[in-house]
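The values are calculated or read from the model by the stated rules, or taken from the named source; none is laboratory data. Computed from a predicted model, the values in this text were never measured in an experiment. Here the Cβ positions follow ideal geometry from the backbone for every residue, glycine too, while neighbour counts run over all protein chains shown. When the accessible area is computed, the model is the full protein with side chains, heavy atoms only, and any ligands, DNA or RNA have been set aside. Shrake-Rupley method; radii C 1.70, N 1.55, O 1.52, S 1.80 Å.
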Amino acid sequence: MLGGEEVTGEPAACSRCARSVAPGPRYVFGAGPRREVRCLACALCYPPMIWKALAVAALVGTILTVINQGDVLLAQEITRVGLIKILLTYAVPFCVSVYSVVAMSREPSDPRGSGRVSS
């Protein structure tokens, strides 16, 4: 490691919290001079990802809520269980969106490849 960087020129520490990311997986956001390497905890808090995931959850959650709970909402017969179902209807697309971005941002810890079989 030279000056906080690995020999390959990649940062050996999270660009947000300075935690070492050298021995384990790192998560890369941006490109070129705006490229950021983050640890998992900081990757989950990456603001552009959070905002996009909220937008996806708002759109998909609203569509699914209308499809699944529309009759209950129109009849104004919402129950506690119905409210929990609606909240989960928004939470699931948010979590899926965040997971997708983080999974795609993960850089393999093995420089020769991830060891995954591609299809």
Say whether the condition of being farther than 21 Å from Met104 by Cα, open to solvent by 50 Å² or more (accessible area, probe 1.4 Å) and either of a type in the set (A, V, I, L, M, F, W, C) or assigned to a helix (DSSP H, G or I) (or both) is met by at least one residue in the range 42-53.
-> no
Filter the range 1-15 for residues that are at pLDDT 85 or above, farther than 14 Å from Arg106 by Cβ and either in a loop (DSSP other than H, G, I, E, B) or among the β-branched types (Val, Ile, Thr) (or both) and give the result.
-> Ser15
Residue check, Val66 touching a residue at least 40 places away in the same chain (Cβ under 8 Å), assigned to a helix (DSSP H, G or I) and open to solvent by 50 Å² or more (accessible area, probe 1.4 Å) | no
Would you check which residues across the range 15-33 are touching a residue at least 60 places away in the same chain (Cβ under 8 Å), touching a strand residue (DSSP E or B) at 6+ places or on another chain (Cβ under 6 Å) and open to solvent by 40 Å² or more (accessible area, probe 1.4 Å) and list them?
-> Pro25
Mind checking which residues of the range 69-87 are under 16 Å from Ala57 (Cβ atoms), open to solvent by 100 Å² or more (accessible area, probe 1.4 Å) and among the hydrophobic types (A, V, I, L, M, F, W, C)?
-> Leu87
